[in-house]
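J.: Sharing a structure with you now.
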Amino acid sequence: MMPEDYKYARQMVLRQFDRDDISRIRNARVMIVGLGGVGSLIADLFVRSGVKKIVIVDRDYVASSNLYRQTLYSEDDIGDSKAEAARRRLQKINSEVEIQAINETFDASNAEDLVSSVDLVMDGTDNLTSRLIINDACVKVGRPWVMASAIETYGQVKAIIPEKTSCYRCYFTNEPFPQPTCAEVGVLSSLVTAISSIAFTIGMKILTGKEIDGSIYNLDIWNMDLDRILVDRRKDCPACGLHNYEYLTDRYKNIGLEFMP
Ligand SMILES: [Zn+2]
């Protein structure tokens, strides 16, 4: 057994993965957009699993109010760039993984270039606009992504595989509406952990080519309810049906500090 085989032995021995799957994981490049609670945990799990490269994108700074759920940061990091603090921590966890930290807002000005550079995009954002930008960019350039949201005690996860599953825009039959934020209504830390784990599992299945559909999984962790809603592709979906990528237009470029993710 090679030393690196030992390092990942408990993952490699899983009956769900064969040798080719392990090689796919070891060669994967994964981007995490947003390094809050969900993004922190997803980044941690992928780095520990031994992927080739992680790209982490966030323009925010660590605050004391983040620490109860954002597990990559400690009190020493308060005031630092999240991207840089996360890079430091992730590199200590696994020195083999290449980590690219981008301290920028993910918006229509950089979305296509960023998602093109990886094999899988994971959603660590906490707002609808960012998710719709990720969706348009991933559908346009053909990259799978996993939507993950957590607010109060409710979370959602959905896989989007362009040309195969429904996309995130297929889910909105009406115009997207403003939603409350974690700052307004809070989020339970254990929900963040659970949603990150579900999203990571779906991400690993995508990387290894396992069967995935476009269902939305809804978790209410307070009442221990998990349900699944089938989401069909819509011929009139603005993104995957009509290829009209409005969230990549100038209106969503350089959205900067007035844009609160
Ligand atoms: Zn669609």
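J.: Only one of these is among the hydrophobic types (A, V, I, L, M, F, W, C), in contact with a Ser or Thr (Cβ under 7 Å, 6 or more places away or on another chain) and either without any contact (Cβ under 8 Å) to a residue 24 or more places away in the chain or surrounded by fewer than 24 Cβ atoms within 10 Å (Cβ to Cβ) (or both): LEU188, LEU128. Name it.
T.: It is LEU188.
J.: Hey, another quick one. For segment 1-82, which helices (runs of 4 or more DSSP H) that fit wholly inside it have 1 or more residues that are open to solvent by less than 20 Å² (accessible area, probe 1.4 Å) and among the hydroxyl-bearing types (Ser, Thr, Tyr)? Steps first, please.
T.: Working: elements: 3-7, 9-12, 19-26, 37-49.
In segment 1-82, the matching helices (runs of 4 or more DSSP H) lie at 37-49.
J.: Quick one: which of LYS164, LYS210 is open to solvent by 20 Å² or more (accessible area, probe 1.4 Å), within 16 Å of the ligand (Cβ to nearest atom) and closer than 21 Å to ASP232 by Cβ?
T.: Just one listed residue meets the conditions, LYS164.
J.: Right, another one. Look through TYR245, TYR252, TYR217 and report the one residue that is buried (at least 18 other Cβ atoms within 10 Å of the Cβ), within 16 Å of the ligand (Cβ to nearest atom) and in contact (Cβ under 8 Å) with a residue 40 or more places away in the chain.
T.: Testing whether each residue is buried (at least 18 other Cβ atoms within 10 Å of the Cβ), within 16 Å of the ligand (Cβ to nearest atom) and in contact (Cβ under 8 Å) with a residue 40 or more places away in the chain leaves just TYR245.
J.: Sticking with this structure for a sec: Determine whether segment 152-160 contains at least one residue that is within 12 Å of the ligand (Cβ to nearest atom), open to solvent by less than 50 Å² (accessible area, probe 1.4 Å) and at pLDDT 95 or above.
T.: Checking segment 152-160: at least one residue is within 12 Å of the ligand (Cβ to nearest atom), open to solvent by less than 50 Å² (accessible area, probe 1.4 Å) and at pLDDT 95 or above.
J.: I would also like to ask the following. Among (1) under 20 Å from VAL141 (Cα atoms); (2) open to solvent by 30 Å² or more (accessible area, probe 1.4 Å); (3) outside any loop (DSSP other than H, G, I, E, B), there is one condition CYS170 misses while meeting the rest; what is its number?
T.: (2)
J.: Of the conditions (1) within 14 Å of the ligand (Cβ to nearest atom); (2) at pLDDT below 95, ASP232 fails just one. Which one is it?
T.: Single failed check for ASP232: (2).
The values are calculated or read from the model by the stated rules, or taken from the named source; none is laboratory data. The model shown is predicted, which means the values in this text are computed figures rather than measured ones. Virtual Cβ from ideal backbone geometry, glycine too; neighbours counted across all protein chains shown. Please note that ligands, DNA and RNA were not included when accessible areas were found on the heavy atoms of the full protein model with its side chains. Shrake-Rupley method; radii C 1.70, N 1.55, O 1.52, S 1.80 Å.
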